[in-house]
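Novice: The following block contains the structure, expressed as structure tokens.
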Amino acid sequence: MRHYFLGLFLIVIGGLASAQGLINPFDLEPSARAAGYGGAYCALAEGTDALIFNPAGLSWGRGMALDSGYLAHMGGLSSVIWLAGAFGPFAAAFTALSAGGIEDVPGGSALGFSHMGAAVGAGIPGDLFGFRAPALRWGVGVSIRYDRAQLADQMGSGLSLSLGALGIMPLGPWELRFGIAVEDIGFGITFADVQHRESWTMAMRAGVALVTPFAKVAMDYARGLRLGVGVRFSPMFEVRGGVAMAGAGLQFALGLGVQFNGFTLDYALLTHPIFAPSHRFGLSARF
């Protein structure tokens, strides 16, 4: 019976009414930068964010990046931490979701709950395949995710695969970007002690974005339509806004990015039609 409450609880905190199966920490998208766009980030993803939204965004990675994030989900119902790094076209991340506990039966004792995940990914530019188009740059990427969930004394683990592709069309100083990704290809998490398996919710993302020197506009379809915009008022400040029309209902997002000497501080507020708003914080460094 306990594995039933695990699956039910994760579906609720994910706020994804369209989802069926086990929600993992990556599904909660622990990126303050992307959350400010309402999650419309499939065509914009780069660096460690590519492990969440589109691994092909790693294809043209340069230098080294370190990212961290914290998500207070739906007024503290759960929390997620995110630690990640990227070096060139490679990236790796660790994430952990925790909650206060789940009752085994209504009014019963609380069962401790945690869910940890790790991911590694790489991107490959299309030039390495010998195909070049003068008006288009393209790349592909792959990431492998490991998840371990524990509820009371029951523990399960599993692997999943994500694949992505990204195209960039230069328009003078502007760029038109197209992205597509397939997530959570795998068999789910197996709880060996109770001989039970919770399946992944395999999903697809598709997005398009227009990038200019002063603004980014993006549209995604990922469990619903998402729209986002970011306006850069100076090299230091970017203000973001977005809306997500996903299975949980209409959600609005506001975000801010402050950059100084290679360090960036990100914040995002994401509303929910039923629960309290979610807050996301991020700190990153580029070398």
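Novice: Just checking, does the range 185-203 include any residue being of a type in the set (K, R), at pLDDT 95 or above and out of contact with any Lys or Arg (no Cβ under 8 Å at 6 or more places or on another chain)?
Specialist: no
Novice: Just name the residue that is farthest from the chain's Cα centre (by Cα) out of those in the range 245-276 that are of a type in the set (A, V, I, L, M) and closer than 19 Å to A215 by Cβ.
Specialist: V258
Novice: Out of curiosity, is A40 farther than 21 Å from Y146 by Cα, in contact with a Leu (Cβ under 7 Å, 6 or more places away or on another chain) and at pLDDT 80 or above?
Specialist: yes
Novice: How about the range 128-187: which of its residues are of a type in the set (D, E) and either closer than 24 Å to T95 by Cβ or touching a Gly at 6+ places or on another chain (Cβ under 9 Å) (or both)?
Specialist: D147, D153, E183, D184
Novice: Can I ask one more? Looking only at the range 254-287, how many residues end up being of a type in the set (G, A, S), closer than 30 Å to R62 by Cβ and buried (at least 16 other Cβ atoms within 10 Å of the Cβ)?
Specialist: 5
The values are calculated or read from the model by the stated rules, or taken from the named source; none is laboratory data. Just so you know, these numbers come straight off a predicted model, no measurement behind them. Here the Cβ is made from the backbone with ideal geometry for all residues, glycine too, and neighbour counts use every protein chain on show.
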